[in-house]
Amino acid sequence: MFVIDRIEEGIAVIMDEENKTLKLNADEIDGNVRDGSVVVYENDKWRVDEEETKNRKEKMRKRLNKLFNK
């Protein structure tokens, strides 16, 4: 699993769990390509995993709420 760290001039910089980075042309990734999106490589193609992206954002939202609503 990779996460889009940032997009610079049409290049998506993605990171894995070990913080290793890859640079891909953002046009080569299927789906809604944006910072924070989870990206997977399947069937010789890169794509945004919308469900995992949603789950990850919800988990982060809950952490922030817990932190600031003490």
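Within region 3-15, work out how many residues are under 20 Å from N55 (Cα atoms) and either open to solvent by 40 Å² or more (accessible area, probe 1.4 Å) or out of contact with any Leu (no Cβ under 8 Å at 6 or more places or on another chain) (or both). Of the residues in region 3-15, 5 are under 20 Å from N55 (Cα atoms) and either open to solvent by 40 Å² or more (accessible area, probe 1.4 Å) or out of contact with any Leu (no Cβ under 8 Å at 6 or more places or on another chain) (or both). Per the listing D27, D44, D5, D16, the residue uniquely among the charged types (D, E, K, R) and touching a residue at least 24 places away in the same chain (Cβ under 8 Å) is D5. Within region 23-46, being closer than 17 Å to M1 by Cβ and open to solvent by less than 80 Å² (accessible area, probe 1.4 Å) holds for L24, I29, D30, G31, V33, R34, G36, S37, V38, V39, V40, W46.
Against the numbered list (1) open to solvent by less than 80 Å² (accessible area, probe 1.4 Å); (2) without any contact (Cβ under 8 Å) to a residue 12 or more places away in the chain; (3) within 15 Å of the chain's Cα centre (by Cα), N65 comes up short only at (3).
The values are calculated or read from the model by the stated rules, or taken from the named source; none is laboratory data. No experiment lies behind these values; they were computed from the predicted model shown. So basically every Cβ, Gly included, is an ideal-geometry build from the backbone, and we count neighbours across all protein chains shown. The protein model used for the area step is the full one, side chains on, heavy atoms only, and it has no ligands, DNA or RNA in it. Shrake-Rupley method; radii C 1.70, N 1.55, O 1.52, S 1.80 Å.
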